[in-house]
Amino acid sequence: KQWYQRRVAITAGENSQKKSHLWTLTPNPKYPDYYYISNEMYPDYRIMDFIDGGKHYVATTNNGHSSDMLFKFTPQTGKYEGWYVITNKANPNDKLTKESGYYRDIYFYWGPFYEECLWKLVPRVDAKATTNIVFEMDNRQASQPFTATVTITKGVKRSSTTTLQSKTTYKASISASLAGLKGITPSVSLEFTRELTKSFSEYSEESWSTKHTFTFTVPAFKNFKVMQRQVSFMGHLQDDSCRLEGKYKIFESDTATFDDEEFIVGEVLKLGESD
């Protein structure tokens with residue numbers, strides 16, 4: 001079935017976030033600066049610049065892939081840095097515009113620029129790198145070794161067990177957020193990227209993670225801890241939040257401090273703080 005919906009109700013002023021608020025940009029191979037805009041809930045439908053009776057409507061359709069469904073996102077500078085003007089391939093003067101907070105006041109406007117033509121691209125998830133202490137034991141005052149069993153998770157651990165609308169778009173969002181992560185070295189970025197790729201390709205799709213159980217022996221007169229690098233992905237939808245559990249390392253010391261500066265990324269989380 002092919003059909004057009006003449007106008008699109010894009011919500012404004014709502015506090016809650018819904019899956020229908022998520023949009024995917026798919027580049028066109030022939031025109032790499034232009035994208036199709038499809039919805040997470042209805043991925044077969046694309047936004048189009050629909051002209052009827054001289055009026056320019058925002059519509060959705062699953063009929064074809066014509067140039068009136070292609071859009072260019074032009075970044076702004078100066079006081080509008082971080083915002084975009086969205087224009088149409090078939091009608092290059094048309095700018096996607098939100099006239100007011102009323103949900104139906106969205107259309108294509110072909111006049112001069114004004115602020116209602118500005119849009120911001122908000123990532124589905126925001127990434128933050130941290131280092132988690134998964135086990136620690138100060139055994140410096142003891143004359144006997146101490147043995148402990150510790151479970152370490154590797155891979156992606158979601159905060160929700162609900163079914164994802166689309167695993168493909170979810171994985172793409174996580175990967176894009178990780179690629180844009182700031183404050184880490186290229187080698188650590190590569191390490192996280194490899195772990196993420198492994199999680200999505202080798203681990204079970206039900207969990208994207210695996211658990212390993214280790215028995216650690218803390219020597220007498222030693223301070224001991226196990227640290228693990230991780231990336232927390234905070235979703236605008238609660239069901240999207242997850243955590244990538246990466247490389248772990250064992251540290252021993254004769255004092256209260258450890259030689260761990262090169263391993264640490266971001267904030268150090270104490271036992272239980274990352275759960």
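Look at the range 113-142: where a residue is more than 18 Å from Y248 (Cβ to Cβ) and aromatic (F, W, Y) and a partner is modelled with pLDDT of 95 or more and open to solvent by 80 Å² or more (accessible area, probe 1.4 Å), sitting 6+ places away or on another chain with Cβ atoms under 9 Å, you get W119/W83.
Table: residues versus (1) in contact with a helix residue (DSSP H, G or I) (Cβ under 6 Å, 6 or more places away or on another chain); (2) at pLDDT 95 or above; (3) of a type in the set (S, T, N, Q).
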{"site": "S201", "(1), (2), (3)": "no, no, yes"}
{"site": "E205", "(1), (2), (3)": "no, no, no"}
{"site": "F216", "(1), (2), (3)": "no, yes, no"}
{"site": "A220", "(1), (2), (3)": "no, yes, no"}
{"site": "V226", "(1), (2), (3)": "no, yes, no"}
{"site": "S232", "(1), (2), (3)": "no, yes, yes"}
{"site": "Y248", "(1), (2), (3)": "no, yes, no"}
{"site": "A256", "(1), (2), (3)": "no, yes, no"}
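Selection of first residues in the range 245-270 that are under 21 Å from T151 (Cβ atoms) and of second residues that are in a loop (DSSP other than H, G, I, E, B), restricted to Cβ pairs under 7 Å at least 6 apart or on distinct chains, gives the following pairs, ordered by first then second residue: K249/F263; F251/F258; F251/D260; E252/K222. Do we have D240 as touching a strand residue (DSSP E or B) at 6+ places or on another chain (Cβ under 9 Å), in contact (Cβ under 8 Å) with a residue 24 or more places away in the chain and of a type in the set (D, E) here? The answer is yes for D240. Among the residues of the range 109-119, the one identified as outside any strand (DSSP E or B) and buried (at least 18 other Cβ atoms within 10 Å of the Cβ) is C117. The residue of the range 151-167 that is most open to solvent (accessible area, probe 1.4 Å), among those that are among the hydroxyl-bearing types (S, T, Y) and farther than 25 Å from F216 by Cα, is T161. Taken as a whole, the structure places K98 among residues that are charged (D, E, K, R), within 28 Å of Y57 (Cα to Cα) and touching a residue at least 40 places away in the same chain (Cβ under 8 Å). Candidates I47, I106: the one that is crowded, with 19+ Cβ neighbours inside 10 Å and either without any contact (Cβ under 8 Å) to a residue 24 or more places away in the chain or within 25 Å of the chain's Cα centre (by Cα) (or both) is I47.
Restricting to the range 224-275, name every residue that is acidic (D, E), in contact with a Ser or Thr (Cβ under 7 Å, 6 or more places away or on another chain) and surrounded by fewer than 16 Cβ atoms within 10 Å (Cβ to Cβ). The answer is E267, and nothing else.
Results for (1) assigned to a strand (DSSP E or B); (2) loosely packed, with under 15 Cβ neighbours inside 10 Å, shown as yes or no for each residue.
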| site | (1), (2) |
| --- | --- |
| Q144 | no, yes |
| T149 | yes, yes |
| T169 | no, no |
| G183 | no, yes |
| L196 | no, no |
| S199 | no, no |
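Quickly run through the range 122-142 and pick out the residues that are outside any strand (DSSP E or B) and either modelled with pLDDT of 90 or more or surrounded by 13 or more Cβ atoms within 10 Å (Cβ to Cβ) (or both). Hits for the range 122-142 are P123, R124, N139, R140, Q141, A142.
The values are calculated or read from the model by the stated rules, or taken from the named source; none is laboratory data. Treat the numbers as computed from the prediction; the structure is a model and nothing was measured. Neighbour counts are summed over all protein chains in view; Cβ atoms, including those assigned to glycine, are modelled from backbone coordinates with ideal geometry. The protein model used for the area step is the full one, side chains on, heavy atoms only, and it has no ligands, DNA or RNA in it. Shrake-Rupley method; radii C 1.70, N 1.55, O 1.52, S 1.80 Å.
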